[in-house]
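Engineer: Questions regarding the structure given below will be posed in turn.
Derivation of every value follows stated rules applied to the coordinates shown; laboratory data play no part. Predicted model, so just to flag it, every value in this text is computed and none were measured. Using ideal geometry, Cβ is built from the backbone for each residue, glycine included, and neighbour counts are taken over all protein chains shown.
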Amino acid sequence: MKSWIAVLTMTWGALTAMAQKPAEVELRSQPMAKDETEKKILAVLEEMRGRSRGMMSVPRDDGRYLRLLVESTGATNVVEIGTSHGYSAVWLCLGLLRTGGRLTTFEIDAGRAALARDNFKQAGVEKIVTLVEGDAHVEVARLKDPIDLLFLDADKQGYIDYLNKLLPLVRPGGLIVAHNMDSRMADPRYVKAVTTHPELETLFVNLGASGIGVTLKKR
């Protein structure tokens, strides 16, 4: 009899403890298509994610974050340095389809550029993308229009050069988003530049293991 009482007491104690402990909330969600166009693009993105081995792609949640930044800021002129096979570019295009904007993206590797073109066509966004093949350190000189959002995801040691060359084109209120801004990969020169410049405000966001730096050009 006493053993049963002991078991019941222990069970009740455990249940009480579970009831008092706040339930853990799963803070993940799946991308939801707003219409048939988005449904098609999201399907292509999933296919690309499955073929991303060996490609330098952002994680899915980072891509969703990029799309959110484009839509929430109303960006219409977006520049990406480092296309790879186009995964992050397609996420950016999801936002640009809502804002009526365009993407200019730079890729130095001919093979990856070819894959990206195919992926843009499959996703149906090729008409709003200009892919520039070549060394972005040189090719960005062709850019003349004000930039609403600049996304850096190429050679990390080159971020400071891209910043110096393109910051004058980023409009006041525009964003500079840098990928792989964790302690292992971030270039200290870039970090110092975006955290000490009087016209910039920078926040580092850790979306998983990659790390993203979001910099606002204040004026």
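Engineer: Taking 7 Å along the Cα-to-C-beta vector as the label spot, tell me the Arg171-Asp35 distance in nanometres, rounded to one decimal.
Structural biologist: 2.3 nm
Engineer: How high is the relative contact order of region 35-217? Use alpha-carbon pairs under 8 Å, at least six apart in sequence, and give a whole percent. Show your work: numbers first, answer last.
Structural biologist: Working: 321 pairs, mean separation 31.9, N = 183.
Dividing the mean separation by the residue count of region 35-217 yields 17 percent.
Engineer: Sort Ser72, Ser183, Ser84, Ser210 so that the residue with the fewest other Cβ atoms within 10 Å of its own Cβ comes first and the one with the most comes last. Could you put the intermediate results ahead of the total?
Structural biologist: On the way: Ser72 11, Ser183 7, Ser84 23, Ser210 17.
Lowest count first: Ser183, Ser72, Ser210, Ser84.
Engineer: Quick check for region 35-217: number of Lys pairs with alpha-carbon distance under 30 Å, counting only pairs 8 or more apart or on different chains?
Structural biologist: The number of close lysine pairs in region 35-217 is 20.
Engineer: For Arg219 and Glu139, compute 0.36 nm times the residue count separating them, minus their Cα-Cα distance, and round to one decimal in nm. Spell out each step's value before the answer.
Structural biologist: Details: separation 80, 0.36 × 80 = 28.80 nm, distance 2.57 nm.
Taking Arg219 through Glu139 to full extension adds about 26.2 nm, to one decimal.
Engineer: Work from the charge dipole of region 143-219 (Cβ charges, +1 for Lys and Arg, -1 for Asp and Glu, about the Cα centre) and give the residue of Ile160, Met181, Ile212 farthest towards its positive end.
Structural biologist: My answer, from the dipole projection, is Ile160.
Engineer: Continuing with this model, one more query. Please compute the modelled spin-label separation between Asp109 and Ala43, points set 7 Å along Cα→Cβ, answer in nm with one decimal.
Structural biologist: Label-label distance for Ala43 and Asp109, simple model: 2.8 nm.
Engineer: On to the next question. For region 101-219, what is the percent of antiparallel DSSP beta bridges, rounded to the nearest 5?
Structural biologist: Numbers: 11 of 21 bridges.
Counting DSSP beta bridges with both partners in region 101-219, the antiparallel share is about 50 percent.
Engineer: Any idea what % of Cα-Cα pairs in region 136-183 are farther than 17 Å? All intermediate terms of the calculation are to be shown ahead of the outcome.
Structural biologist: Working: 331 of 1128 pairs.
Value for region 136-183: 29 percent of Cα pairs lie more than 17 Å apart.
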